[in-house]
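Asker: Structure in structure tokens, see below.
Only the coordinates and a few stated rules stand behind these numbers; no lab work does. The model shown is predicted, which means the values in this text are computed figures rather than measured ones. Here the Cβ positions follow ideal geometry from the backbone for every residue, glycine too, while neighbour counts run over all protein chains shown.
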Amino acid sequence: MKFILFKNSTLSDCINLKIPLKRFSNYSQIYSFTTEKISEYFPKFDFKDKKVLVIGSSGDHIINAFLQGAEKVSAFDINYLAGFFSDLKLTALSYLAFEDFKTFFLINSKSPMNYQTYCSFRQHLNSNTKLFFDNLYIKYKNNGFEVRHSIFFNNLYDKNHLKISNNLYLHSEELYNQVKKSIKKKQINFLLCSIEELQPFLLKSKFDLIFLSNISDYSRDLFKNPNYLNSYYNQIILPLQNHIKNDGILCIAYIYDTGSKKFRSAIDNPNIRKAIFSKSNFQYSEISFKSTIPKKKDAVLILKNSFNLKEKSNLYSQKINVYQDFSEAEDFPGLILNFLKDFVSNKIVLDLGCGSGKYLFHLSKFSKKYYGLDISQDQINFIKRSSIPKNTKLICSSAEVIPLKNNSIDLIIACWVVGTIPENNRRLKVIEEIKRVLKRGGFCFFIENDIGGEFEFVRNRYPRIKETKNYNNFLESQGFKVYKKIKTYFQFKSKKQAQSVFGIIWGDKVRKKIKDSKLNHKVVVYLLKN
């Protein structure tokens with residue numbers, strides 16, 4: 001393991017202990033372990049092979065992120081002492097056995113911060129870390145107990161059972177050894193800076209996950225005005241959104257005891273935080289879980305960058321112009337449209353997931369009655385900007401609850417719709433609703449991606465075919481039959497436009513795979529008869 005501390009200015013005063021300790025500053029007390037219930041909320045995120053940015057603090061966010069499978073973890077903290085302590089803890093983890101690690105760091109152990117134990121891994125520390133702790137031990141005459149109980153540590157609520165409970169890697173020797181092995185060849189970059197100073201360090205870096213812990217609690221100290229949380233959002237959160245990958249998550253706050261009626265700051269008030277963070281271009285949501293406080297609930301607030309083609313993606317609202325460009329380029333020769341046109345004549349048709357109306361405007365004029373249903377009000381509003389035929393009705397609704405009568409529809413068309421819903425149980429609800437509204441003898445066409453081809457390759461679904469294959473197998477298990485296969489293509493105005501659209505939807509790696517304005521696309525048509 002290699003631990004690198006980044007700081008532009010000198011650390012000499014800090015190393016030599018010539019520091020007035022002050023809350024939320026470069027010289028604050030050390031938290032020996034996290035005060036968050038990491039063991040409850042980290043498993044709710046996908047860390048596998050991800051690039052992660054966390055608050056440095058005690059080093060526990062770094063360790064638990066690697067335990068969850070993160071590929072690369074960077075950290076930042078305004079507190080220089082947090083940087084030194086994180087290095088101490090990660091280095092100790094690399095060289096100490098499980099029981100020795102707990103004995104060294106837990107405050108109520110037999111010999112916390114034992115000097116001889118410190119000396120056993122001291123040589124592997126960052127040079128600045130080494131000097132700081134050398135001086136600290138000298139100050140307390142190599143008495144580890146005195147060091148651990150000194151003014152340099154915040155020992156409020158520092159109880160062994162809480163610290164073990166909060167940390168996954170302390171739950172068992174097996175998990176400890178697992179993370180010990182995983183960090184062996186890792187490099188940890190620790191940025192000694194405040195959140196306001198973070199941007200120059202990040203440059204063009206993009207992360208899958210960013211965790212800001214409870215920094216938002218101190219936004220009133222950062223921005224001394226009545227609307228400090230708004231200022232925090234505009235000046236801190238918005239710039240950080242530029243460093244989140246597509247489908248990545250910015251965990252903007254950790255809230256303790258969400259059921260409390262006493263709000264420590266504006267972020268604790270659910271009405272205020274939802275009003276502010278829901279206006280983000282990212283999807284806002286909250287996850288609650290067992291608290292560090294017995295019989296209470298904590299929560300994390302998350303913003304998800306969902307510019308992809310998954311259900312409820314912001315692509316359908318904030319980036320509607322990108323969706324339009326994608327939709328217009330898809331099936332450029334109109335082969336799917338020509339196929340569907342043969343079936344809609346004098347039929348009552350439901351266009352499930354009608355989007356911005358690509359098929360609606362062409363097919364509705366041939367039908368007896370045409371319903372366009374979409375979960376996105378923004379897409380429905382986009383259609384309303386144009387003149388729609390009198391036989392057409394627009395519905396904003398989830399496909400899980402179709403607001404139409406039983407046995408009322410002759411034909412349902414669903415072009416790349418159900419696959420955007422991630423959970424199979426919800427997909428089944430949609431299929432149940434389809435069967436409910438279809439007349440006896442009615443039928444449904446699902447237009448889906450076939451396995452293989454250039455489009456699947458570009459978006460990383462080929463040669464790794466598992467996701468597409470599993471979804472298509474799911475449809476076949478529900479009675480859908482392959483009716484027809486179509487070889488069509490995307491045609492953009494230019495290669496630059498194609499790269500831009502695919503880059504916004506799927507990220508920079510996909511963008512770089514686009515070599516032309518034209519992209520071949522293999523499509524399969526599934527039929528379900530009622």
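Asker: Two decimals, Cα atoms only, Kirkwood Rh: what is Rg/Rh over the chain? Write out the running numbers ahead of the final one.
Answerer: Working: Rg = 27.9 Å, Rh = 26.2 Å.
Rg/Rh: 1.06.
Asker: Over the Cα atoms of region 383-530, compute the convex hull volume and normalise it per residue, giving Å³.
Answerer: 142
Asker: Could you tell me whether region 406-461 comes out rounded, prolate or oblate from its Cα gyration tensor? Rule is a ≥ b ≥ c as square roots of the eigenvalues, rounded for a/c under 1.5, then prolate if a/b exceeds b/c, otherwise oblate. Please report the intermediate quantities before stating the final value.
Answerer: Numbers: a/c = 4.25, a/b = 1.98, b/c = 2.15.
Because a/c hits 1.5 or more and a/b fails to exceed b/c, region 406-461 counts as oblate.
Asker: What's the angle, to the nearest 10 degrees (0 to 90), between helix 320-329's Cα axis and the longest principal axis of the chain?
Answerer: The angle comes out at about 50 degrees.
Asker: Also: Provide the convex hull volume over Cα atoms per residue for region 109-228, in Å³. Each step should come with its number before you reach the end.
Answerer: Values: hull volume 23.8 nm³, N = 120.
Cα-based convex hull of region 109-228, divided per residue, equals 199 Å³.
Asker: What are the ³J(HN,Hα) couplings of region 81-97, residue after residue, when phi is run through the Karplus curve with 6.51, -1.76, 1.60 and θ = phi - 60°? Round to Hz, x for glycine and proline.
Answerer: Taking θ as phi minus 60°, the curve returns 5, 5, x, 4, 5, 4, 4, 4, 5, 5, 5, 4, 4, 6, 10, 9, 6 Hz for region 81-97.
Asker: Amide H of Q29 versus every other amide H placed in the peptide plane: which residues, excluding those fewer than 5 positions away on the same chain, fall under 5 Å?
Answerer: K22
Asker: Between 0 and 90 degrees, rounded to the nearest ten: what's the tilt of helix 495-506 against the longest Cα principal axis of the chain?
Answerer: 60
Asker: Here are some pairs, K429/K512; K358/K484; K341/K439; K384/K512; K18/K130; which of them have Cα atoms lying more than 26 Å apart in this structure?
Answerer: Numbers: K429/K512 38 Å; K358/K484 21 Å; K341/K439 20 Å; K384/K512 36 Å; K18/K130 16 Å.
Table pairs above 26 Å Cα-Cα are K429/K512; K384/K512.
Asker: Subtracting the Cα-Cα distance from 0.36 nm times the residue separation, let me have the gained length for S150 to K184 in nm, one decimal.
Answerer: Between S150 and K184, full extension yields 9.1 nm more.
Asker: Using only Cα atoms and rounding to the nearest 10 degrees, what angle (0 to 90) does helix 466-477 make with the longest principal axis of the chain?
Answerer: With both axes taken from Cα atoms, the answer is about 50 degrees.
Asker: Express as a percent, rounded to the nearest 5, the fraction of DSSP beta bridges in the chain (both residues included) that run antiparallel. Numbers along the way, then the final one.
Answerer: On the way: 31 of 72 bridges.
Once the DSSP bridges in the chain are tallied, antiparallel ones form about 45 percent.
Asker: Moving to a separate point now. Return the lysines within reach of K186: Cα separation strictly under 17 angstrom, same-chain partners fewer than 8 residues apart disregarded; answer none if there are no such residues.
Answerer: Within reach: K2, K48, K50, K51, K72, K89.
Asker: Here's another thing I want to ask about it. What net charge is computed for the residues neighbouring Q478, neighbours being all others with C-beta under 11 Å from the C-beta of Q478, Lys and Arg scored +1, Asp and Glu -1?
Answerer: Combined, the nearby Lys, Arg, Asp and Glu give +1.
Asker: Still on this structure, please answer the following. First select every other residue whose beta carbon is under 12 angstrom from the beta carbon of N166; then total the charges, Lys and Arg +1, Asp and Glu -1.
Answerer: Numbers: positive: K37, K159, K163, K290; negative: E36, E40, D60, D158, D298.
After counting each charged neighbour, the total is -1.
Asker: Right, another one. What is the spin-label model distance, in nm, from L335 to S94 if the labels are put 7 Å beyond Cα along the C-beta direction?
Answerer: 5.5
Asker: Shifting gears a bit: Given a Förster distance of 41 Å, report the FRET efficiency between S386 and E174 from their Cβ-Cβ distance, rounded to the nearest 0.05. Write down the numbers at each step before the final one.
Answerer: Working: r = 61 Å, r/R0 = 1.50.
Rounded to the nearest 0.05, the efficiency is 0.10.
Asker: Restricting the count to DSSP beta bridges whose residues both fall in region 314-529, what percent are antiparallel, rounded to a multiple of 5? Intermediate values should be presented prior to the final figure.
Answerer: Numbers: 17 of 36 bridges.
Given both bridge residues lie in region 314-529, the antiparallel proportion sits at roughly 45 percent.
Asker: Let me ask you something else. For every other residue with a beta carbon closer than 15 angstrom to the beta carbon of K50, add +1 if it is Lys or Arg and -1 if Asp or Glu, then tell me the sum.
Answerer: Working: positive: K44, K48, K51, K72, K186, K206, K245, K304, K509; negative: D46, D49, E71, D208, D247.
Within the 15 Å Cβ shell, the charges total +4.
Asker: Could you compute Rg(Cα) / (2.2 N^0.38 Å) for region 316-471, with N its residue count? Don't skip to the answer; put the middle values down first.
Answerer: Working: Rg = 15.6 Å, N = 156, 2.2 N^0.38 = 15.0 Å.
Its radius of gyration relative to the 2.2 N^0.38 Å reference: 1.04.
Asker: For region 121-135, what does the Karplus curve 6.51 cos²θ - 1.76 cosθ + 1.60, with θ = phi - 60°, yield as ³J(HN,Hα) per residue in whole Hz, taken in order and with x for Gly and Pro?
Answerer: 10, 3, 5, 8, 6, 4, 4, 5, 4, 4, 5, 4, 6, 4, 5
Asker: Under the Karplus relation 6.51 cos²θ - 1.76 cosθ + 1.60, θ = phi - 60°, what is the ordered set of whole-Hz ³J(HN,Hα) values for region 371-384, x standing for Gly and Pro?
Answerer: Values, residue by residue: 9, x, 10, 8, 6, 9, 5, 5, 5, 4, 5, 4, 4, 5 Hz.
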